[in-house]
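*Asks:* Pasting in a structure now, in structure tokens, and then I'll have a few things to ask.
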Amino acid sequence: MQVTVLADAEVVAEAVAERLLQERRGSDQRPLGLATGRTMVPVYAALRRRFDRLSRPEQQAIRQGWRSFNLDEYVGLGPSDPRSFAAFMAEQLQGPLGLALAQVQLPDGLAVDSQQEAGRYRAALKAAGGIGLQLLGLGSNGHVGFNEPPCGPEAPCRCLALSAATRAQNAAAFGGDAAAVPARAITLGLAEILAAERILLVVTGAAKASILRRALLEPACPEVPASSLQHHPRLEVLVDGEAAAALPPAR
Ligand code: GLP
């Protein structure tokens with residue numbers, strides 16, 4: 001595992017954006033695994049700025065090769081609902097970069113049968129070759145994607161109930177009302193996440209310092225789903241000084 005501590009969330013976002021662009025310029029044309037959440041807002045802003053500075057041919061090459069699969073979506077929300085992750089991705093990335101909708105895949109939160117949709121999404125990702133680089137944020141309760149604790153490394157893409165902690169954490173997008181946050185979501189499992197060739201975990205802010213320490217330094221356990229990442233052979237962690245506060249200094 002390689003942990004890089006950068007000054008603040010802005011510097012982290014610039015570094016992540018550069019990695020994502022490099023990835024799309026590279027020869028590995030397996031899909032990117034993308035994440036939503038507040039941590040990713042400055043990341044996608046930095047990505048848009050960097051994309052705008054590229055030449056037309058470079059932009060076109062990136063557009064042509066783009067293929068990404070998002071981690072998760074709320075059950076019951078579709079792209080026309082601004083609180084859906086589909087709407088988040090359309091606003092932050094797909095629209096501004098001029099990508100076709102089909103290039104930025106997410107689970108369909110409006111599918112009639114969510115469990116079946118999870119199976120379809122898993123199969124679509126497999127057919128696309130699996131994830132090359134997986135971008136991840138970290139939930140305050142240690143979840144990645146929406147893999148709520150307890151969750152072991154074999155958990156597949158599925159529909160599951162969100163915890164009270166996660167609904168509270170994400171309430172801001174729902175007018176501050178945790179009860180308005182959908183009760184269920186479809187998420188890639190730890191199985192698909194750990195099958196990615198490389199993983200880039202991005203964590204910023206003081207509120208994540210203690211869970212980050214548990215995820216990286218304590219023995220892996222289902223109560224902290226992100227701790228399964230420790231066993232991944234190519235895990236890179238990019239954090240700001242605040243999130244790194246509980247890590248040993250010399251890391
Ligand atoms: C959300 C998402 C995760 C995200 C995490 C952290 O619920 N399902 O993919 O990484 O929680 O969110 P934030 O960046 O807003 O703290």
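The values are calculated or read from the model by the stated rules, or taken from the named source; none is laboratory data. What you see is a predicted model, and the numbers here were worked out from it, not measured in a lab. Here Cβ is always computed from backbone atoms with ideal geometry, including for glycine, and neighbour counts include all displayed protein chains. Note: accessible area is taken over every heavy atom of the protein model, side chains too, but ligands, DNA and RNA are not part of it. Shrake-Rupley method; radii C 1.70, N 1.55, O 1.52, S 1.80 Å.
*Asks:* Looking at segment 143-200 only, could you name the residues that are within 11 Å of the ligand (Cβ to nearest atom), surrounded by fewer than 18 Cβ atoms within 10 Å (Cβ to Cβ) and part of a strand (DSSP E or B)?
*Replies:* Correct list: empty.
*Asks:* In segment 203-227, what count of residues is obtained for those that are within 17 Å of the chain's Cα centre (by Cα), among the small types (Gly, Ala, Ser) and within 14 Å of the ligand (Cβ to nearest atom)?
*Replies:* Here the count works out to 3.
*Asks:* So, one more: For residues that are closer than 24 Å to Ala45 by Cα and open to solvent by 10 Å² or more (accessible area, probe 1.4 Å), scanning just segment 100-137, find the one that is farthest from the ligand (Cβ to nearest atom). Quick ask: steps written out before the conclusion?
*Replies:* Step one: filter segment 100-137 for residues closer than 24 Å to Ala45 by Cα, giving 100-107, 131-137.
Imposing the further condition that a residue be open to solvent by 10 Å² or more (accessible area, probe 1.4 Å) reduces the set to 100-106, 137.
Details: Ala100: 23, Leu101: 20, Ala102: 22, Gln103: 20, Val104: 15, Gln105: 15, Leu106: 12, Gly137: 2 Å.
Within segment 100-137, the match that is farthest from the ligand (Cβ to nearest atom) is Ala100.
*Asks:* Inspect all residues belonging to segment 83-97 and state whether any of them is under 16 Å from the mean Cα position of the chain (by Cα), part of a helix (DSSP H, G or I), in contact (Cβ under 8 Å) with a residue 60 or more places away in the chain and within 26 Å of Ala17 (Cβ to Cβ).
*Replies:* Checking segment 83-97: not a single residue is under 16 Å from the mean Cα position of the chain (by Cα), part of a helix (DSSP H, G or I), in contact (Cβ under 8 Å) with a residue 60 or more places away in the chain and within 26 Å of Ala17 (Cβ to Cβ).
*Asks:* Continuing with this model, one more query. Let me confirm something: among Glu236, Glu242, which residue is of a type in the set (Asp, Glu), under 16 Å from the mean Cα position of the chain (by Cα) and open to solvent by 20 Å² or more (accessible area, probe 1.4 Å)? Before you say what the answer is, go through the steps one by one.
*Replies:* Values: Glu242 fails: under 16 Å from the mean Cα position of the chain (by Cα).
Step by step, each of Glu236, Glu242 is checked, and only Glu236 is of a type in the set (Asp, Glu), under 16 Å from the mean Cα position of the chain (by Cα) and open to solvent by 20 Å² or more (accessible area, probe 1.4 Å).
*Asks:* Then there's this: If Ser140 satisfies every condition in (1) open to solvent by 50 Å² or more (accessible area, probe 1.4 Å); (2) away from the ligand (no atom under 16 Å from the Cβ); (3) among the small types (Gly, Ala, Ser) but one, which is the exception?
*Replies:* The failed condition is (2).
*Asks:* While we're looking at this one, here's another question. State whether one or more residues within segment 2-24 are in a loop (DSSP other than H, G, I, E, B), under 16 Å from Gln134 (Cα atoms) and among the small types (Gly, Ala, Ser).
*Replies:* no
Residue-by-condition table, conditions (1) buried (at least 20 other Cβ atoms within 10 Å of the Cβ); (2) touching a strand residue (DSSP E or B) at 6+ places or on another chain (Cβ under 6 Å); (3) within 18 Å of Gly241 (Cβ to Cβ); (4) at pLDDT 95 or above:
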| position | (1), (2), (3), (4) |
| --- | --- |
| Ala9 | yes, yes, yes, yes |
| Ala13 | yes, no, yes, yes |
| Glu18 | no, no, no, yes |
| Pro31 | yes, yes, no, yes |
| Ala35 | yes, yes, no, yes |
| Leu47 | yes, no, no, yes |
